[in-house]
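For reference, the structure discussed in these notes is given below.
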Amino acid sequence: MNEEYDVIVLGTGLTIARCKQLICDPSYVKDRVEKVGQVIRVICILSHPIKNTNDANSCQIIIPQNQVNRKSDIYVCMISFAHNVAAQGKYIAIVSTTVETKEPEKEIRPALELLEPIEQKFVSISDLLVPKDLGTESQIFISRTYDATTHFETTCDDIKNIYKRMTGSEFDFEEMKRKKNDIYGED
C-alpha cells in the first residue's frame, strides 16, 4: 500500500505532517490493537532505602514467579534523591507485575512487604495492548504497550521487531558500529 497519512504532530497545535509509514503506540489507533492482559503498577514513596540492599540509592529486584506461586515475576525498581527524581532523603519504588487474578493488589503484596514502611502509594492498572496485524500492508506500525518488566528488554525487542516489520530485515548493530567508526574513528 502506498498511501500517505496526515499526522497531527503533538505539541505543535495543528501542524500536519505527511508520511508513507507511521510508527505509533496503541493509544493512537485503538481500532488496530487488542487487549491481551493487564499490568498493575504501584509507585511508592519511601523515606528509606529498601532493606537488605546495603542502603543502595537505586536497585532492581525481581521476585521469581515460582517463589510466590505465580505465572509471572514481580518487579521492583527503586531510584532516589541521588538521581534527582525525589526530594532529599526520599526514595521512589515502582512495583509491577502482570495481573493474574481479580485482586491484583494482593498479587503484589510480597513486593510491598519488602518496601515497608511505605509513606505513600499510587496504584494503577493498565491494559496490555498489542497490534492486531504486522502493519506491513497498511504501513502503520504499532508498538506494544509497556509490560510489567522494569529492565526494558521487552521494549528493546519490540523496537527491533518494528524495525524488521518496516524494513524486512533485522537491525544490524555491527553495521552501526562500522558507520560510527567511519565518522568518528575507532574507539
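So residue 30 clears everything in (1) modelled with pLDDT of 95 or more; (2) within 20 Å of the chain's Cα centre (by Cα); (3) not hydrophobic (A, V, I, L, M, F, W, C) except one condition, right? Which one? With (1) modelled with pLDDT of 95 or more; (2) within 20 Å of the chain's Cα centre (by Cα); (3) not hydrophobic (A, V, I, L, M, F, W, C) applied to residue 30, the lone miss is (1). Counting the residues of region 86-126 that are under 17 Å from residue 50 (Cα atoms), of a type in the set (Lys, Arg) and out of contact with any Phe, Trp or Tyr (no Cβ under 6 Å at 6 or more places or on another chain) gives 2.
Residue 17 meets the conditions (1) open to solvent by less than 90 Å² (accessible area, probe 1.4 Å); (2) under 27 Å from residue 108 (Cα atoms) in every case but one. The failed one is (2). I need the full set of residues from region 83-107 which are charged (D, E, K, R) and either open to solvent by 70 Å² or more (accessible area, probe 1.4 Å) or over 15 Å from residue 43 (Cβ atoms) (or both), in order please. Scanning region 83-107 gives 100, 102, 103, 105, 106, 107. When you look at residue 68, is it of a type in the set (A, V, I, L, M), in contact with a Lys or Arg (Cβ under 6 Å, 6 or more places away or on another chain) and surrounded by 14 or more Cβ atoms within 10 Å (Cβ to Cβ), yes or no? Criteria not met by residue 68.
Of the helices (runs of 4 or more DSSP H) lying entirely inside region 108-187, the ones with 3 or more residues being touching a residue at least 60 places away in the same chain (Cβ under 8 Å) and surrounded by 11 or more Cβ atoms within 10 Å (Cβ to Cβ) are found at 109-115. Applying the selection to region 44-82, what residues are of a type in the set (Lys, Arg) and more than 16 Å from residue 118 (Cβ to Cβ)? Hits for region 44-82 are 70, 71. Looking across region 71-82, the residues that are open to solvent by 30 Å² or more (accessible area, probe 1.4 Å) and under 19 Å from the mean Cα position of the chain (by Cα) come down to 73, 77, 79.
Restricting to region 54-75, what's the tally of residues that are more than 21 Å from residue 101 (Cβ to Cβ) and touching a residue at least 12 places away in the same chain (Cβ under 8 Å)?
6
Selection over region 26-65 of residues that are closer than 17 Å to residue 122 by Cβ, open to solvent by 30 Å² or more (accessible area, probe 1.4 Å) and either among the charged types (D, E, K, R) or touching a strand residue (DSSP E or B) at 6+ places or on another chain (Cβ under 6 Å) (or both) gives a count of 4.
The values are calculated or read from the model by the stated rules, or taken from the named source; none is laboratory data. It should be emphasised that the depicted structure is a prediction, and the values quoted were computed from it without experimental measurement. Reconstructed Cβ throughout: ideal geometry from the backbone, glycine too, with neighbour counts over all protein chains shown. Surface accessibility is based on the protein's heavy atoms, side chains included, excluding ligands, DNA and RNA. Shrake-Rupley method; radii C 1.70, N 1.55, O 1.52, S 1.80 Å.
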